[in-house]
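Structure first, commentary second.
Coordinate-derived values only; no laboratory data. Worth saying up front: this structure is predicted, and the values here are computed from it rather than measured. Backbone-built Cβ (ideal geometry, glycine too); neighbour counts: all protein chains shown.
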Amino acid sequence: MEPMNIPIFHSLETPRLILRRFTHQDIPVFLAYRNHPDVARYQSWDSITEKQAQDFFDDLIAIQPGEPGEWFQFAIEWKAGETLIGDCGLKVSVEELRQAEFGITLSLPYQGQGIAFEAVTCLLDYMFGVSRLHRVIAITDCLNKPSIALLERLGMRREGHFIQNIWFKGAWGDEYVYAILEHEWNQKHGQG
């Protein structure tokens, strides 16, 4: 299957948020929330250095969301304060170009307010609509109750429960895999 022709990404908007590209001015706030132990608890990192953040942002400049095999991180900006509050990422599969995985990270003060739901809904509307994805998955730690609640609120189905499948921060961890198909998303969210 040929790669999708994706237009150049600038930004997306919701009532409270702007999903946009990162800029180097975002680095201090990015480091502050990504290095908070409660934010990093279920993430693959413990901490990020300024150099790692600069390299990460440099890599993002060269890609568009939906490029196969590349994680693209969308900066999540709170409109009211023009403040960076988190990020969400999407990676299209190299093997199956109409399948992707997403993840989200929010600064602690913005968790529990429906912001993750708003941001991911916007992201999936964009990717199912623009990229014509067929299937999107998310993987979460089985102990991450807020993430599980988010994925279920989005209408995603739990398709897998992997027992001690990942060595994670000094111990074996369990993970759930959630998924949703394009037509399911459109039915649940009034599109198409």
Charge tally for neighbours of Gly112 with beta carbon under 13 Å away, counting Lys, Arg as +1 and Asp, Glu as -1, is 0
quick note, the chain, DSSP beta bridge pairs, % antiparallel (nearest 5) is 90
Three-way shape call for the range 1-84 based on the alpha-carbon gyration tensor, with the a/c threshold at 1.5:
oblate
Would you calculate the convex hull of the Cα atoms in the range 11-189 and tell me its volume per residue in Å³?
118
Segment Phe162-Asp38, extension gain: residue separation times 0.36 nm, minus the distance between their alpha carbons:
42.3 nm
Distance in nm between Leu143 and Ile61 label points, each 7 Å along Cα→Cβ, equals 3.9
Put +1 on the Cβ of each Lys and Arg and -1 on the Cβ of each Asp and Glu in the range 62-148; which of Ala62, Gln113, Leu97 then has its Cα farthest toward the positive end of the dipole?
Gln113
Could you tell me which chymotrypsin sites (Phe, Trp or Tyr not before Pro) in the range 1-62 are loop residues by DSSP with no more than 14 other beta carbons within 10 angstrom of their beta carbon?
Trp45
Counting only the backbone N, which residues of the range 126-165 are under 19 Å from the spot 7 Å out from the Cα of His183 toward its beta-carbon?
128-137, 155-158
³J(HN,Hα), Karplus 6.51/-1.76/1.60, whole Hz, each residue of the range 132-137, x for Gly, Pro
6, 4, 9, 8, 10, 10
Amide H contacts under 5 Å for Ile166, placed H, 5+ residues apart:
Gly173
Restricting to DSSP H runs of at least four residues, report the calculated mean residue ellipticity at 222 nm for the chain, -39500 (n - 2.57) per run over all residues, nearest 500 deg cm²/dmol.
-8500 deg cm²/dmol
Could you give the length gained on full extension between Gln52 and Thr83, defined as 0.36 nm per residue of separation minus the Cα-Cα distance, in nm?
9.0 nm
Which value, in debye to the nearest 20, describes the size of the charge dipole of the chain about its Cα centre when Lys and Arg Cβ atoms bear +1, Asp and Glu Cβ atoms bear -1, and nothing else is charged?
480
What's the longest uninterrupted piece of the chain once you rule out the trypsin sites (Lys or Arg not before Pro) that are loop residues per DSSP with at most 14 other Cβ within 10 Å?
42-131
Given the chain, longest segment not containing exposed loop GluC sites (Glu not before Pro) (DSSP; at most 10 other Cβ within 10 Å):
96-192
